[in-house]
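*Asks:* Shown below is the structure under consideration.
The values are calculated or read from the model by the stated rules, or taken from the named source; none is laboratory data. On a predicted model such as this, the values are computed, not experimentally measured, just so you know. Note that we place each Cβ from the backbone using ideal geometry, even for glycine, and neighbour counts take in every protein chain shown. Just so you know, the surface numbers come from the protein's heavy atoms only, side chains and all, with ligands and any DNA or RNA stripped out. Shrake-Rupley method; radii C 1.70, N 1.55, O 1.52, S 1.80 Å.
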Amino acid sequence: MLCDSFEHGYLLAELHHPIMAKNTKHHDAVKYTNAEFQWGTKSGKEYLDLEPRLTLLSEQSYNVEMRKHSFRAKLFAFFLPFLNNRLAVYKW
């Protein structure tokens, strides 16, 4: 709908891995609510199949920033960089 409604633009999407969707009850943002993650993506490239007019410009794990603040985050960023939420930037 965005691509049909606007000649060009950018889409910023927060993505998470399918493993996170299966473990909603442990996620800080929703564990005290009735919310559930229904699905996740291993890569932002998966969105390109949904809308071929999109181009993935970048995809960055939040772990890259978080590793500056704790040892646990450094380990997480090194061993499982895309398991945490990611910010994907698309254009059309």
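*Asks:* Given a 1.4 Å probe and every protein chain left where it sits, what share in percent of the accessible area of the chain is carbon and sulfur?
*Replies:* 58 percent
*Asks:* Let me ask something else. Assuming 0.36 nm per residue, please report the length gained on full extension of the stretch residue 71 to residue 32 beyond their Cα-Cα distance.
*Replies:* 11.5 nm
*Asks:* If packing is taken as the mean number of other Cβ atoms within 10 Å per residue, what is the order of 4-11, 50-57, highest first?
*Replies:* Top to bottom by mean Cβ count within 10 Å: 50-57, 4-11.
*Asks:* Give the Kirkwood hydrodynamic radius (Å, one decimal) of the chain, defined as one over the mean of 1/r across all pairs of different Cα atoms. Working shown, then result.
*Replies:* Values: mean 1/r = 0.0691 Å⁻¹.
Radius from the Kirkwood sum: 14.5 Å.
*Asks:* If you don't mind, there's one more thing I want to ask. Once you've got the GNM for the chain with C-alpha springs shorter than 10 Å, pick whichever of 43, 61, 70 has the biggest mean-square fluctuation.
*Replies:* Among 43, 61, 70, the largest mean-square fluctuation in the Gaussian network model of the chain belongs to 70.
*Asks:* Check cross-link reach from residue 25 to the lysines: straight Cα distance under 23 Å, and skip same-chain residues fewer than eight apart.
*Replies:* The reachable lysines, counting only those whose Cα sits under 23 Å from residue 25, are 42.
*Asks:* Can you pull the one-decimal nm distance between simple spin-label points at residue 14 and residue 57, each 7 Å off the Cα toward Cβ?
*Replies:* Output for this residue pair reads 2.0 nm.
*Asks:* Using the Karplus curve 6.51 cos²θ - 1.76 cosθ + 1.60 with θ = phi - 60°, work out ³J(HN,Hα) for each residue of segment 32-47 in order, rounded to whole Hz, and write x for Gly and Pro.
*Replies:* 9, 10, 8, 5, 9, 7, 8, 7, x, 10, 7, 8, x, 5, 4, 5
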